[in-house]
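See below for the structure under consideration.
The values are calculated or read from the model by the stated rules, or taken from the named source; none is laboratory data. Owing to the predicted nature of the structure, the values given are computational and were not obtained by experimental measurement. Glycine also receives a Cβ, built like all others from the backbone with ideal geometry; neighbour counts cover every protein chain displayed. Side chains are part of the model used for accessible areas, which takes the heavy atoms of the whole protein and leaves out ligands, DNA and RNA. Shrake-Rupley method; radii C 1.70, N 1.55, O 1.52, S 1.80 Å.
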Amino acid sequence: MKEVSVEELKNKIDNNEDFQLIDVREPFEYEVSNLNGLNIPLSGILIEADKIAKDKPVIVQCRSGKRSAQAIMLLEQQGFDNLANLKGGILAWKEEIDPELDVY
C-alpha cells in the first residue's frame, strides 16, 4: 500500500497540487478537527465510492492510519489504483505540522 507522510501532504497542499483528500473518520471526529478533506466514514466508503476521484491522486486519512488503510483495501478491490494512505493520520499531522490542532 502506498503511503504519504504528513510532510508530503503539507507540500501538496502548499503547492496547490491536484489531488483529493478523503477523511474516513466519523462525522463527530471530523467536527473536532479536519484537514479539509471530504468526510466519508469508513462504514460508508463503498456506498459513497462514486464521490472518490479515479482520475487524480487520492490521499485517504483517519486518526492514526488504520481505518484509512482498511478503506484503501476495500476500494482497491473495487478497482481503485490511485490511493495513498496518510501515514500516522491526523495524530501525526498534529505532532509534526500543527501542534495547535485539537485531537481527542
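Observations on the structure shown:
- Whenever a residue of the range 45-65 is modelled with pLDDT under 95, it has no partner that is surrounded by fewer than 16 Cβ atoms within 10 Å (Cβ to Cβ) lying with C-beta atoms less than 8 angstrom away and at least six residues away or across chains.
- Members of the range 87-100 that are open to solvent by 20 Å² or more (accessible area, probe 1.4 Å) and under 16 Å from ILE40 (Cβ atoms): none
- Being basic (Lys, Arg) and surrounded by 13 or more Cβ atoms within 10 Å (Cβ to Cβ) holds for only one residue in LYS12, LYS51, LYS56, and it is LYS12.
- Residue check for ILE22: in contact with a Gly (Cβ under 7 Å, 6 or more places away or on another chain) and either assigned to a loop (DSSP other than H, G, I, E, B) or of a type in the set (A, V, I, L, M, F, W, C) (or both): yes
- Single match in GLU31, GLU96, GLU100 (criterion: among the acidic types (Asp, Glu) and touching a residue at least 40 places away in the same chain (Cβ under 8 Å)): GLU96
- Scanning the range 77-91 for residues that are within 9 Å of the chain's Cα centre (by Cα) and in a strand (DSSP E or B) yields ALA84, ASN85, LEU86.
- Qualifying residue in the range 72-82 (condition: modelled with pLDDT of 95 or more and within 24 Å of ASP102 (Cα to Cα)): no
- Selection from the range 35-48 of residues that are within 13 Å of the chain's Cα centre (by Cα) and open to solvent by 50 Å² or more (accessible area, probe 1.4 Å): ASN36, LEU38
- Summed over the range 62-76, residues that are in a helix (DSSP H, G or I) and more than 13 Å from ILE22 (Cβ to Cβ) total 3.
- Only residues that are out of contact with any helix residue (DSSP H, G or I) (no Cβ under 8 Å at 6 or more places or on another chain) and open to solvent by 50 Å² or more (accessible area, probe 1.4 Å) were counted across the range 75-86, and they come to 4.
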